Ligand SMILES: C[S@@+](CC[C@H](N)C(=O)[O-])C[C@H]1O[C@@H](n2cnc3c(N)ncnc32)[C@H](O)[C@@H]1O
């Protein structure tokens, strides 16, 4: 049951909630900043934590600003547009430092952080709903199934919003009434890759008429490829491919599978791969890229020798095999959670780069910790699992050398890390 409390916010938690003391103990207030005195609607969450949202600001924090986006209060996309840039940046660095400190980890050197800024995200998923002839296309409101129809977004590239506007009027003809559809748009190498997730056409599965309509949309909207799947995580069926979207990583030019994982911004990808390459040995060698995706790091690493890429997603591996040509690249499909690279396999490499999903790479870190690889380079989008895996490596044969924070998830609580570990 919800109630109202007055709270003074003391600090910001790692997910961007303002944390303070209310009448019933510690409370996590969405939209609160340290120094704010607020009135908040509060409730006990399923996790037994008291959460809340600001209803009134009694006295504002010195870090507070007017959010730049007009949809900020109605859209669940961003969490921290209401904070001054300096405060926001220090908080992001503090989240990473805090995760390391908690596990008693110390880097020998912190490299200059990189903040990418808004207007750069090259992919977005829009929630769409059709009621009679009206289509709403935008992002979900916070903690809600309601969609805010958005015509601008300060986070994504202008090309993404342009395509959202172009696609919207076409969707009424292919969508089922009152049923939702997710529309993923990725803009890469000057081409649009679009994936519809959800029921299409009269039957739900695209029939001949719907397929023709989709091909027509692709032609009129100049979309390189449109794919479809009924549910998230299912294989994507290509409905129309006028051109294969491609990405270039160093010398490697990869024809991408539908909705391929790419770093969310091109600028972030460059900052990450420049950071990885600055840490790589400056000599020819034999290297491994674990959790390689479609080769974001394998490509640049090829400039320093031969590269073995490991990844569990089949289309990504097939794309790499197809792209490699005469380059000294091998691509292996492997589930590195269940079947991590063994110590004897890992020891063949002069350096290993690992860039796991948010869950981290616990099993792989355990296997590497007792090995002899001279240099490990870790990339991570989750400070907590990164710190856990770094602790495993440092309890073994490794020392944490360098850390760099790269923020390509502007105004969210997410942050990227590049770190290096040397053999003790
Ligand atoms: C954060 S992404 C990084 C991809 C790539 N390094 C890049 O920068 O584009 C993590 C990658 O790990 C892959 N992955 C997830 N679980 C995996 C597993 N159990 N074994 C191997 N790869 C996995 C995902 O498919 C994804 O490509």
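The values are calculated or read from the model by the stated rules, or taken from the named source; none is laboratory data. Note that the structure is a prediction, hence the values are computed from the model and not measured. Please note: Cβ atoms are built from the backbone with ideal geometry, for glycine as well, and neighbour counts cover all protein chains shown.
A few notes on this one:
- Count of the range 339-375 residues which are farther than 21 Å from residue 275 by Cα and assigned to a loop (DSSP other than H, G, I, E, B): 10
- Restricting 354, 386, 421, 337 to residues that are buried (at least 23 other Cβ atoms within 10 Å of the Cβ), without any contact (Cβ under 8 Å) to a residue 60 or more places away in the chain and closer than 26 Å to residue 96 by Cβ narrows the list to 421.
- Those residues of the range 276-290 which are part of a helix (DSSP H, G or I) and either under 10 Å from residue 300 (Cβ atoms) or within 12 Å of the ligand (Cβ to nearest atom) (or both), in sequence order: 276, 277
- Just one of the listed residues (31, 22) is at positive phi, touching a residue at least 12 places away in the same chain (Cβ under 8 Å) and not assigned by TED's automatic domain parsing to the domain that holds residue 98, namely 31.
- So residue 37, is it touching a strand residue (DSSP E or B) at 6+ places or on another chain (Cβ under 7 Å), more than 21 Å from residue 141 (Cα to Cα), in contact (Cβ under 8 Å) with a residue 24 or more places away in the chain and loosely packed, with under 12 Cβ neighbours inside 10 Å: no
- Filtered residues of the range 215-229 (kept if surrounded by 14 or more Cβ atoms within 10 Å (Cβ to Cβ) and part of a loop (DSSP other than H, G, I, E, B)): 223, 224
- From 123, 164, residue being within 19 Å of the chain's Cα centre (by Cα) and crowded, with 16+ Cβ neighbours inside 10 Å: 123
- Single residue of 361, 309, 369, 331 found to be assigned by TED's automatic domain parsing to the domain that holds residue 387, within 21 Å of residue 395 (Cα to Cα), within 13 Å of the ligand (Cβ to nearest atom) and buried (at least 18 other Cβ atoms within 10 Å of the Cβ): 361
- The range 316-345, residues that are over 15 Å from residue 249 (Cβ atoms) and more than 27 Å from the chain's Cα centre (by Cα): 326, 342, 343, 344, 345
- Within the range 14-27, considering residues that are in contact with a strand residue (DSSP E or B) (Cβ under 9 Å, 6 or more places away or on another chain) and closer than 19 Å to residue 77 by Cβ, the one surrounded by the fewest Cβ atoms within 10 Å (Cβ to Cβ): 15
- Count of the range 376-418 residues which are more than 26 Å from residue 155 (Cα to Cα), more than 12 Å from the ligand (Cβ to nearest atom) and not in a loop (DSSP other than H, G, I, E, B): 15
- Residue list for the range 312-328, restricted to those being assigned to a loop (DSSP other than H, G, I, E, B) and either more than 10 Å from the ligand (Cβ to nearest atom) or over 23 Å from residue 246 (Cβ atoms) (or both): 324, 325, 326, 327, 328
- One residue from 391, 362, 358, 343 being out of contact with any strand residue (DSSP E or B) (no Cβ under 9 Å at 6 or more places or on another chain) and closer than 24 Å to residue 93 by Cβ: 391
- The numbered conditions (1) surrounded by 16 or more Cβ atoms within 10 Å (Cβ to Cβ); (2) in contact with a strand residue (DSSP E or B) (Cβ under 8 Å, 6 or more places away or on another chain) are all true for residue 45 except (1).
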